[in-house]
1. If you take the residues in the range 7-66 that are part of a loop (DSSP other than H, G, I, E, B), over 22 Å from Gly78 (Cα atoms) and among the aliphatic types (A, V, I, L, M), which one is nearest to the chain's Cα centre (by Cα)?
2. Mind listing just one residue for me: the one in the range 67-82 that is among the hydrophobic types (A, V, I, L, M, F, W, C) and within 18 Å of Leu13 (Cα to Cα) and, of those, farthest from the chain's Cα centre (by Cα)?
3. Any chance the range 51-74 includes a residue that's touching a Cys at 6+ places or on another chain (Cβ under 9 Å), of a type in the set (Val, Ile, Thr) and within 20 Å of Tyr84 (Cα to Cα)?
4. So which pairs qualify, if the first residue must be in the range 1-25 and at pLDDT 65 or above, the second must be hydrophobic (A, V, I, L, M, F, W, C), the Cβ gap must be under 6 Å, and the two must be at least 6 apart or on different chains?
Amino acid sequence: MNDATHTPAQPPLPDHLSIDPRSPHHVAAVFEHDIGIRFNGQERVDVEEYCISEGWIKVPAGKTLDRKGRPLLLKLKGTVEVFYK
């Protein structure tokens, strides 16, 4: 029962999350809230997927697309922190 006055409880943030609904790591309930991702101490707004335990994020490589028309992703390694805003 979601109406304008009811805010659902924030689910725990997963270790591995993807914005792609086709991914097995996509958790729709998390995207009902505003989340932030800090990578190596800087907040990033272009993250498509992350894994905290393995220490990586995936971000689009400019405007380059793969053969299926989706953004080509670069995997960057470093310290990943995820939080609710």
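1. Val27
2. Once the filter is applied, the top-ranked residue is Val80.
3. Checked against the condition, which is being touching a Cys at 6+ places or on another chain (Cβ under 9 Å), of a type in the set (Val, Ile, Thr) and within 20 Å of Tyr84 (Cα to Cα), the range 51-74 yields at least one hit.
4. Pro11/Ala29; Pro11/Val30; Leu13/Val82; Pro14/Val27; Asp15/Ile52; His16/Cys51; His25/Leu17
Conditions (1) at pLDDT below 95; (2) of a type in the set (A, V, I, L, M, F, W, C); (3) in contact with a His (Cβ under 9 Å, 6 or more places away or on another chain), marked per residue:
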| residue | (1), (2), (3) |
| --- | --- |
| Ala28 | yes, yes, no |
| Phe31 | yes, yes, no |
| Ile37 | no, yes, no |
| Asn40 | no, no, no |
| Gly62 | yes, no, no |
| Pro71 | yes, no, no |
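The values are calculated or read from the model by the stated rules, or taken from the named source; none is laboratory data. All figures in this text were calculated on a predicted structure; none of them were measured in a lab. Virtual Cβ from ideal backbone geometry, glycine too; neighbours counted across all protein chains shown.
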